[in-house]
Structure formats: structure tokens, C-alpha cells
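Notes to accompany the following structure.
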Amino acid sequence: MRFSAFISVLRSVGPVVIGISLGFTLSLLSVNWTEEACYLNGKEGEDVTVGQDGQLKGARKPNSISTINDGESEEDFEPRIVPYKQVQQSAPKKVFRAKYISTELGMRERLLVGVLTSKNTINTLGVAVNRTIGHHLDTVIFFTGMRNRKVPHGMFVISHGDERLIWNMFQNIKYILDHYINEYDWFYLVQDDAYTEADRIKALVDHLSIDRELYMGSPEEFIGGEMEGKYCYGGFGYLLSRTLLLRLQPFLENCKNDILSSRPDEWLGRCIIDYTDTNCVSEYQGLQYHHYELEKNSDLTKEQSEPFKKALTVHPVSDPELMYKLHRYFTDIELQKTYDEIAKLQEEIKNVSVVAFDGNRSSQWPVGINPPFEPKSRFEVLKWEYFTEEKIYSCIDGSPMCDLQGIDRLDVADVIDVAMIELNKKYRPVLHLKKQQLINGYRRFDPVRGMEYTLDLQLEVVNQKGHSRSVTKRVHLVRPLSRIEIIPMPYVTEATRIHIIIPLTLQDRSYVDHFLEVFASNAFETSENAILTFLFIYDPVEAQQVNQNDIFASVKTQINTYERKYPAVKIPWISVKTETPSQIKFMDIISKKHPVDTLFFLAHVNTNVNSEFLNRCRMNSINNWQVFFPIHFQDFNPDVAYHNQQRPATVDLIKDAGHFDRRSFDEVCFYNSDYMSTRTRMVADVQENEEILETLDIFDMFLKYSGLHVFRAVEPSLHQQYSFQACNPRLSEDIYHRCVQSNLEGLGSRSQLAMLLFEQEQGNST
């Protein structure tokens, strides 16, 4: 029993004992191998080995500390303090980020067009080329030798200062390589005596591979025939790929020095062939470079050949008139192709709609136009206007009937003409239709699809045998809205200084105190980039008494007070003597005292001006493009709007507080240069009738004589207190009527006026 118990204990404890013993044994063996240390002096132990490089080597104790000098004992070791030196961080490198995403991603435009012109033709053929292709292509550059003193407006002209043809061609290629080689894939060079169909050139390069060394145009043999290869004749233009120009770039100077030629197109062709081994081709990857040589005194109406219709370029063009005729001809061709494609798509849509779930109802009429607006309530139902060829029964002024005139008359006539054309297309050659009269006409504007028309036409129908009869036909037409597009607008900035002109008469003096108080808080205290100018208007009697009794003395005192309060502010004033105050006469005086690039804001002294409106004045007034006539919000007569009520401290934009005075045209923002050019155009009329300066206001002047965009919009930040305007009977009847109506509409809302009348009637009855 004892032996079996001992064996059982040994089995459980034995592995542990053996493991501990083995561990001690291995550790002792390890100590025996690493115990001996190396000493360079050899005093303790001689177990030192010599390395191959002659240095003494030996194993170090595992727990020993290595010293700087192994010959020193550990007792002689002294710590050394290393002084801290702050690491000077270098300025971080500025990461260059491209201005445009396309630059950073290496994206390029497709086509740059260079037009080779001269001093003698830039104002004739050069202008014609620019007008025919400039708005179709992104970048058009005109290269010339000597520049005229006056460059045509809207053209980007590069002058090399030399009339030598070969030198100019060298400079043209060099300029492209220096400025545009990394921005475009294709470069098209053409003379100014060639017409270019811009859309076809764009379509051609869109289908060409950009990584090919391509020299494409009208191939010609070199003069004399001694040199192999063909160059592209310059009269019909030629395409150069970016890859080709990059390969040619290192050898361009060699071409200038080594190649002699009298023709720039031949010189360029020899340069390309010699150093890139690329010949001119008229066909590449199945795409043809079509061109057509126009005979002298040719009649375009008789040019019906296929090569002429397919041409990318036509040469030679002798005068600008012929250039415009060619542009008209090829534009008609492209327009007809577009109409044919639209008709084909409409037929396909109709055919597909037959098998659709809703049948033919799935394709709305007309095909491709948005379906009509569907009202959700009776208040959203669009009304139809009734008209005849002479009258319309929905007038702007609220009259039940008025003459159909102006743009409305042209609109109705155009719709009737289109209706007759479409009817004859449908029934010819079996029947021929002639309009006798318009019986009924209806139209409405659908904001979803455009203007819709319903016409009841009385027609004379004539068959092929000559028999005729009168019938009535109802037709429906739609003048669709075009697709939304972003149109280019000139650049404007909010940093422009505004000159605010405030005309003052004797009756306006009471408003000056409030005006200056509001303007000071909105402009003087915020350092607004604006200059305030007062225009003091005296009649002849007041002007004679100005030294004894100046009617504007109190206003001038107030101006001096604000100038002392705000030292950085100067408020100039101008005095004018006149019997009949007129906006145009005032501005004639002010315009001469300011530079041509001055931005004016002509306002009334009763108007509250703030920074928000001034910024919109800057943005909406565009030099040589647009003038801005804001519609201010005017308070109602407080005796009417707040009858038997306490007047509020501030007035909000609500219908019971005031209205946008659409009959007032007193406020206007415009540039001095636009005013001066407009006044120049009305000189002839002024010489015939000098009273026109008194009967017209600035709005009518810009509208009739300027040709600028007149931007008329409500302006919530332009607030005007109620005031009764003294209407000048010397002004035109229309202006005088507008003034009277503005006074009447500014009294109060209809409900407020009705309540006053009701209370008055009740008071009279009692």
C-alpha cells in the first residue's frame, strides 16, 4: 500500500521536479559561458579574442553597463548634462492648388481657333469672321502683323509687330506653344478670307483621337515638286494636334533659320514634314475634311452641289457681305437638319406610345412639350383671354376692352400665320386653304409649358378642281417655353463706389433731418463706400434772395454738423436755378462734374437707404449693359392705415402698412458713361424740340434712346415714408398721370378706404 501510494505521488510530482532540475542545470551552463568579462588591460582573465580588424572583442555580462571609455572603472563614471536646443521648424511649404479643377486634373478644352488676318482686313473680313464664328467657339484669337490704332470691339487680337509672312507664322506657332499648348487638344488655323462652319469643325475634332500626330486640311503639292510629301493649303484652314505641336516644339527655331519659303502655309508644311515626318491628310479614321473653292462672282442660290453643302470651309471670300450670306446659307442647312431630327424623334415617340400602358395618352401634345398645368383648386384654374384681330378683352389698365396693338398684335398675327402654314402642310396637295377671318381667339399663359392658343378660323377651301367653299376650323397651338439656360453676364463687383444724388426743393426740407439720421447709421458709421451729394434746386426768385434768405441754410447747417461728427465724411452740394425741375437737366450738370465710370444712384430725400440695397444697386447696374430702376416700398397714409389706432414704431412689409409703388420711377442706378452715350443719341430730337428735356424723365430716356437692358424689380430694402407728391403738369401726359395715380394708390388699401367711407356714411346718416 505504501509503495503504491509513493508511486501515485511520484507520478503527480515527478514532472515538476524534473522540470525545475533541468531549468537550474541549463541556467548554470549558461552562466559558465558568459561569466568571463573582457578587459583591455588583461589583468583579470586572459580570455580575450582579437577580431579581424585588429580590435579587441569580447562578450559583455548581460547585466553590465557599457561606458564611454571601457578602460575606466564604473566608480569613475560621471553623468554629463546635455543642454537642450530647441529644434527650429522650417516654414511649411505652400501647397500649390490650381485655380480650376480642370487644371488640377489635367483636363483640356477641345479646340482653339487662330484667324490669320492683317492690318488692312481686320476691320472688314476680320470682324465678319468674328461675328460668324465667335459665339459658336470657346476661344478665337486673331493673329496680325501690325495692329491698327483702334482694335474692333469684342476681338482678341495678337500683334507681332512685323508684316513678314513667314516671321508671323513662326510667331503664331510659338505663341500657341507658349500660352495654350497645355490648355487645348486641337488648334485650327484659318485665314480671314475663308468662311468656317464652326459647328462642323467642333463635331470633327470631337471624333478625332487626341494622341495622334495629325496634320489635317487640304493637301497640296510643294511648288516645283522637288520635295516629297504634301502640305495643307492655308486658304481652307488646317487642324494641328497638340501631340504634333509638342513634337515640333524643339525644332521650331531650326525651321525659322533653315527653311526658305515665300508662303507661310508651305513653310509650316515643310517644317512639320522635315522634323515630324507627318504629311497633310484630308481623311483620317473615316472622317473627311470637306472644303469648297468658291468661284469668282458665284451665285449662292445656284450652288447646290453636295461638296458645297458638306463643306467645313469655303474659300475665297472676297467681302464681308459674302461672308454673312454664306453664314446664313449654312445656318439654314443646319437648322433644317435639326427640324428633321425633331420630327423624326416625334414620330418615334408616337409609334412607341401606341404600345405603352396608357396608349396614345402617354405621349402629350405637342410631343416633347410638358403636359398642361393641372389645377388643384378653383383658385388655380388658369384664365383664358379672348381676342379678335382688332380687339382684346383683357386690358392691363382694367378696361373691359382695348385695341390689340404693339407686341400683342404681332403675337396674334404670327400665331395665325403659323396656323395657316401648318394646315396647308397637312392638307396639300389635295386642298389649299386661305384665311378669311378670325372668328374667335383665346390664349392663356401656362407657366409649365408656355403660351397656348385656341383659334376659330373661317377658311376658304379650294380643291384640285378649283371648287371652293367656306368652312370653320378650330386649331390649337402652343408657343413653348425654351429650356432653361445660363446666359453670360458681364462681371460686376460689390466694391464699386456709389454717388448718391438727392435733389431737394423747398417742399423737401422737412425730410432732410430724418434722411441724414438714417443714412448716418447705415452708411457713415459702417464706412460704406458711398458719397452723398445734395442738389439744391432754387427757382429764379429764391435764387435772387439766396444771400439774404437762403431757403437751404438749415440744411447746410445740418450737413456741417454731420461732417464735424464724422471727420472722414464729406457731403458736397450743388446749387441749381430752374423754373421747371427736370431729372435730365439736373443730371446734365452732375454728369459733367464726375468721371465717366461713376456709378450714380438718384433717389428721393424721403427714401431710407441701407447697405443691403446699395449692394444690389452695384450688382444690378452693369456698365454698357443694364440700368436698374428699383420699386420702393411706400407706406400708406398713416391717417388712413392707422385710423383710430396707435401708429407702430417701425413699419413691416405687410399689405395693410404699404405697397410697392410701381408707378414711381424716381429711383435709378446707372453709370455715367451710359447716361452720356444715351444723351448723345437724343441730341437730334432735342434740337427739334427743346421741351423734350422737360417732358421726359430718365426712365423714358433710357427706354427710348439707350438700347440698354432696363432692369425693373421690387426692392424690399428701399423704404419710403408716405408723402404727397407735387405732380408737375409740364411733364408728359403719361408721366403726370403716373404721378397722380401714385398719390391715389398711396393713400391706403381698398379695405381701409372702404372702411373710412363706411364710417363716413354712418356718421352722415346719424
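How do the pairs read when you match residues in segment 547-567 that are in contact (Cβ under 8 Å) with a residue 40 or more places away in the chain and over 18 Å from residue 520 (Cα atoms) with residues anywhere that are open to solvent by less than 40 Å² (accessible area, probe 1.4 Å) and part of a helix (DSSP H, G or I), using Cβ under 8 Å and keeping only pairs 6 or more apart or on different chains?
Correct list of pairs: 551/542.
Each row is one residue, and each column tells you yes or no for (1) farther than 30 Å from residue 165 by Cα; (2) touching a Ser or Thr at 6+ places or on another chain (Cβ under 9 Å); (3) at pLDDT 90 or above.
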{"position": "82", "(1), (2), (3)": "yes, no, no"}
{"position": "89", "(1), (2), (3)": "yes, no, no"}
{"position": "93", "(1), (2), (3)": "yes, no, no"}
{"position": "100", "(1), (2), (3)": "yes, no, no"}
{"position": "105", "(1), (2), (3)": "yes, no, no"}
{"position": "124", "(1), (2), (3)": "no, no, yes"}
{"position": "130", "(1), (2), (3)": "no, no, yes"}
{"position": "138", "(1), (2), (3)": "no, no, no"}
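Tell me which residues, restricted to segment 182-228, are in a loop (DSSP other than H, G, I, E, B) and under 26 Å from the mean Cα position of the chain (by Cα).
Listed by number, the residues that qualify are 182, 183, 197.
Do we have residue 494 as surrounded by fewer than 16 Cβ atoms within 10 Å (Cβ to Cβ), in contact (Cβ under 8 Å) with a residue 40 or more places away in the chain and touching a helix residue (DSSP H, G or I) at 6+ places or on another chain (Cβ under 9 Å) here?
Criteria met by residue 494.
In this structure, is residue 639 at pLDDT below 90, part of a helix (DSSP H, G or I), open to solvent by 10 Å² or more (accessible area, probe 1.4 Å) and out of contact with any Lys or Arg (no Cβ under 7 Å at 6 or more places or on another chain)?
Taking the combined requirement at face value, the residue satisfies it.
Among the numbered criteria (1) out of contact with any helix residue (DSSP H, G or I) (no Cβ under 7 Å at 6 or more places or on another chain); (2) closer than 27 Å to residue 673 by Cβ, which single criterion is violated by residue 578?
(1)
Kindly indicate the residue of segment 130-150 that is in contact with a helix residue (DSSP H, G or I) (Cβ under 7 Å, 6 or more places away or on another chain), within 16 Å of residue 237 (Cβ to Cβ) and not in a loop (DSSP other than H, G, I, E, B) and also most open to solvent (accessible area, probe 1.4 Å) among those meeting that condition.
140
When you scan segment 143-176, how many residues do you find that are under 15 Å from residue 121 (Cβ atoms) and of a type in the set (Gly, Ala, Ser)?
2
Could you run through segment 274-321 and say how many residues are open to solvent by less than 30 Å² (accessible area, probe 1.4 Å) and assigned to a helix (DSSP H, G or I)?
3
How many residues does segment 637-654 contain that are of a type in the set (S, T, N, Q) and within 39 Å of the chain's Cα centre (by Cα)?
Residues flagged as of a type in the set (S, T, N, Q) and within 39 Å of the chain's Cα centre (by Cα) within segment 637-654 amount to 1.
May I ask you to list the residues in segment 436-467 that are open to solvent by 70 Å² or more (accessible area, probe 1.4 Å), without any contact (Cβ under 8 Å) to a residue 40 or more places away in the chain and in contact with a strand residue (DSSP E or B) (Cβ under 6 Å, 6 or more places away or on another chain)?
436
Collect the residues in segment 653-703 that are in contact (Cβ under 8 Å) with a residue 60 or more places away in the chain, loosely packed, with under 15 Cβ neighbours inside 10 Å and assigned to a loop (DSSP other than H, G, I, E, B), keeping them in residue-number order.
653, 655, 656
Going by the conditions given, is residue 418 over 22 Å from residue 343 (Cβ atoms) and surrounded by 12 or more Cβ atoms within 10 Å (Cβ to Cβ)?
Here the answer is no, as residue 418 does not meet what is asked.
Select from segment 423-435 the residues that are more than 15 Å from residue 412 (Cα to Cα) and not in a loop (DSSP other than H, G, I, E, B) and list them in ascending order.
Of everything in segment 423-435, those that are more than 15 Å from residue 412 (Cα to Cα) and not in a loop (DSSP other than H, G, I, E, B) turn out to be 423, 424, 425, 426, 427, 431, 432, 433, 434.
For segment 151-181, enumerate the residues that are of a type in the set (Gly, Ala, Ser) and in a loop (DSSP other than H, G, I, E, B).
154, 161
Listed here are the residues, each with its yes/no results for (1) closer than 20 Å to residue 718 by Cα; (2) part of a helix (DSSP H, G or I); (3) open to solvent by 30 Å² or more (accessible area, probe 1.4 Å); (4) of a type outside the set (S, T, N, Q).
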position: 479; (1), (2), (3), (4): no, no, yes, yes
position: 482; (1), (2), (3), (4): no, no, yes, no
position: 487; (1), (2), (3), (4): no, no, yes, yes
position: 500; (1), (2), (3), (4): yes, no, no, yes
position: 507; (1), (2), (3), (4): no, yes, yes, no
position: 511; (1), (2), (3), (4): yes, yes, yes, yes
position: 519; (1), (2), (3), (4): yes, yes, no, yes
position: 528; (1), (2), (3), (4): yes, no, yes, yes
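Scan segment 723-766 for residues that are within 30 Å of residue 692 (Cα to Cα), assigned to a loop (DSSP other than H, G, I, E, B) and open to solvent by 50 Å² or more (accessible area, probe 1.4 Å) and report the count.
4
Please specify each residue of segment 326-342 satisfying the condition of being polar (S, T, N, Q) and within 10 Å of residue 197 (Cα to Cα).
Residue satisfying the conditions is 331 alone.
Return the total of residues in segment 308-323 being of a type in the set (Gly, Ala, Ser) and over 17 Å from residue 131 (Cα atoms).
Qualifying residue count for the region: 1.
For segment 549-558, does any single residue satisfy the condition of being of a type outside the set (Val, Ile, Thr) and open to solvent by less than 10 Å² (accessible area, probe 1.4 Å)?
Yes: segment 549-558 contains one or more residues that are of a type outside the set (Val, Ile, Thr) and open to solvent by less than 10 Å² (accessible area, probe 1.4 Å).
Filter segment 236-250 down to residues that are in contact (Cβ under 8 Å) with a residue 40 or more places away in the chain, open to solvent by less than 10 Å² (accessible area, probe 1.4 Å) and either over 30 Å from residue 318 (Cβ atoms) or of a type in the set (S, T, N, Q) (or both), then give me how many there are.
3
So which residues in segment 583-614 are in a helix (DSSP H, G or I), open to solvent by 10 Å² or more (accessible area, probe 1.4 Å) and under 23 Å from residue 723 (Cα atoms)?
583, 586
What pairs can you find where one residue is in segment 178-204 and within 25 Å of residue 249 (Cα to Cα) and at pLDDT 95 or above, the other is surrounded by fewer than 24 Cβ atoms within 10 Å (Cβ to Cβ) and acidic (Asp, Glu), and their Cβ atoms are less than 9 Å apart, with a gap of 6+ or different chains?
none
Which residue pairs have Cβ atoms closer than 8 Å, lie 6 or more positions apart in sequence or on different chains, and pair a first residue in segment 369-385 that is within 9 Å of residue 448 (Cβ to Cβ) and in contact (Cβ under 8 Å) with a residue 60 or more places away in the chain with a second residue that is in a loop (DSSP other than H, G, I, E, B) and aliphatic (A, V, I, L, M)?
370/448; 371/448; 372/448; 373/382; 373/448
Could you tell me how many of the residues in segment 249-281 are within 24 Å of residue 202 (Cα to Cα) and either under 38 Å from the mean Cα position of the chain (by Cα) or not β-branched (Val, Ile, Thr) (or both)?
Looking only at that region, the number is 5.
In the list 394, 399, which residue meets the criterion of being surrounded by 13 or more Cβ atoms within 10 Å (Cβ to Cβ), small (Gly, Ala, Ser) and without any contact (Cβ under 8 Å) to a residue 60 or more places away in the chain?
Within the list 394, 399, the selection yields 394.
What's the number of the only condition in (1) in a helix (DSSP H, G or I); (2) touching a residue at least 60 places away in the same chain (Cβ under 8 Å) that residue 338 fails to meet?
(2)
The values are calculated or read from the model by the stated rules, or taken from the named source; none is laboratory data. Everything numeric in this text was worked out from a predicted model, so none of it was measured. A quick note on method: Cβ atoms are made from the backbone with ideal geometry, for glycine too, and the neighbour counts reach across all protein chains shown. Side chains are part of the model used for accessible areas, which takes the heavy atoms of the whole protein and leaves out ligands, DNA and RNA. Shrake-Rupley method; radii C 1.70, N 1.55, O 1.52, S 1.80 Å.
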